[in-house]
Amino acid sequence: MTKKSGRTKMRLGKELKKARRIPLLAIVRTHRKIQTNNFARNWRRTKLKIDKA
């Protein structure tokens, strides 16, 4: 494993939070206008573009 910089860790954490599933209550309250998360991604296929700085 390589060492990650603090900036990279922050970016990975942010992407994890963006990819979380939508709460059921939000789907119910909006009458299913919101159903899927546009930021969800498959971590096996889609890699993040993180600069190594």
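Numbers at a glance
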read-out: Tally of Lys pairs whose C-alpha atoms are under 25 Å apart, taken over the chain, 8 or more apart or cross-chain; value: 29
read-out: In nm, spacing of pseudo-spin labels at N42 and L25 (7 Å Cα→C-beta vector); value: 3.3 nm
read-out: If the convex hull is drawn through the Cα atoms of the chain, its volume per residue in Å³; value: 103 Å³
read-out: Accessible surface, the chain, averaged per residue in Å² (probe 1.4 Å); value: 104 Å²
read-out: In degrees, nearest ten, helix 6-18 long axis to first principal axis of the chain (Cα); value: 20 degrees
read-out: Cβ-based charge dipole, the chain, positive-most Cα from T36, G13, T2; value: T2
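The values are calculated or read from the model by the stated rules, or taken from the named source; none is laboratory data. Every value quoted in this text rests on a predicted model; they were computed, and no experiment measured them. With ideal geometry, Cβ positions are generated from the backbone for all residues, glycine too; neighbour counts draw on all protein chains shown. Side chains are part of the model used for accessible areas, which takes the heavy atoms of the whole protein and leaves out ligands, DNA and RNA. Shrake-Rupley method; radii C 1.70, N 1.55, O 1.52, S 1.80 Å.
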